Amino acid sequence: MKNSKIWLAKLLVVFQLCLFGQENDSNIEKTIDYSDLTEITNIDFSGYTIKEYSIAFDNALHMKNDSLNTINVMKGSVVLSVLAKQVNNEITSHTIDSNASETKDLLAKFRTQNYYVYQPEVSIIIKFFGYMCMGEYSHIYNIMTTNTKTLPIVIFLVLFLCVMMLHLFGKIKWRFKRITNKVIIISLIIFVIMSIGFKLTCDCNVGEYSFYGIEIN
């Protein structure tokens, strides 16, 4: 008897959740479908979840593609524009997580309609390897010498190269010269192989916000 009550309570909760979801979707449709064209820009979409934004997008796109109804086409275009602006505002204010998979799916929908809602700043790492891939070495020089984050790396590399040159010309005396020479040769070979491999594969693997499948933004 006790188990039956528990199962009944669970079924009631599930039913309420489903009913709420259906009502919520229906409200989104009504908000868009029955709004006057001049009032659409005043609709407050704030507080929408990603799912609700996605539903609103689908409804707006359906109206925009309704070639038999000029008003619907205009209404759909306006709603898409308003939605794009609202989503962008919520992402930039960190109300919506831009890295969430649902958000990325929604932004991909907007891009299909040429609404580039949110374009995160391209990472300095992506810029560096992108210029390396294209052979734009003047841009690489500018990045390495003007960016405060990369300047310490440049200084370290210059000092390291100076020490290595002094070592190779015998200006520095230490016990592990033979081992150091082997390490230098092996490191140089690895560097050459990786550089060649990068140049051969970078075109397909260095994107605006990803490096060989690793998302960087």
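The values are calculated or read from the model by the stated rules, or taken from the named source; none is laboratory data. Remember, predicted model here, so these are calculated numbers, not experimental data. All Cβ positions, even for glycine, are placed from backbone atoms using ideal geometry, and neighbour counts span all protein chains on display. Each accessible area value is taken on the protein alone, full model and side chains, heavy atoms only, with ligands, DNA and RNA left out. Shrake-Rupley method; radii C 1.70, N 1.55, O 1.52, S 1.80 Å.
Summary table
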{"item": "Gain upon complete extension [Phe191, Ile71; 0.36 nm per residue less C-alpha separation]", "result": "37.0 nm"}
{"item": "Thr146, Thr103, Thr49, Thr180, reordered so the largest accessible area comes first (probe 1.4 Å)", "result": "Thr146, Thr49, Thr180, Thr103"}
{"item": "Long pairs among Lys127/Lys199; Lys51/Lys85; Lys149/Lys182; Lys64/Lys104; Lys75/Lys104, criterion Cα-Cα beyond 27 Å", "result": "Lys149/Lys182"}
{"item": "Three semi-axes of the equivalent ellipsoid, the range 35-113, Cα gyration tensor, whole Å, largest first", "result": "23, 14, 9"}
{"item": "Percent accessible area from carbon and sulfur atoms, the range 101-143, protein chains only, probe 1.4 Å", "result": "55 percent"}
{"item": "Loop-located chymotrypsin sites (Phe, Trp or Tyr not before Pro) in the range 123-217 whose Cβ has at most 10 other Cβ within 10 Å (DSSP)", "result": "Phe169, Trp174, Phe176"}
{"item": "Total charge dipole magnitude, the range 126-209, about the Cα centre, Cβ charges on Lys, Arg, Asp, Glu only, Debye to nearest 20", "result": "760 debye"}
{"item": "For q = 0.21, 0.25 Å⁻¹, Debye-computed log10 I/I(0) when each Cα of the range 126-209 counts as one equal scatterer", "result": "-1.08, -1.18"}
{"item": "Chain lengthening between Tyr141 and His167 when straightened (0.36 nm per residue, less Cα-Cα)", "result": "6.7 nm"}
{"item": "For Ile214, solvent-accessible area (1.4 Å; no DNA, RNA or ligand), Å²", "result": "100 Å²"}
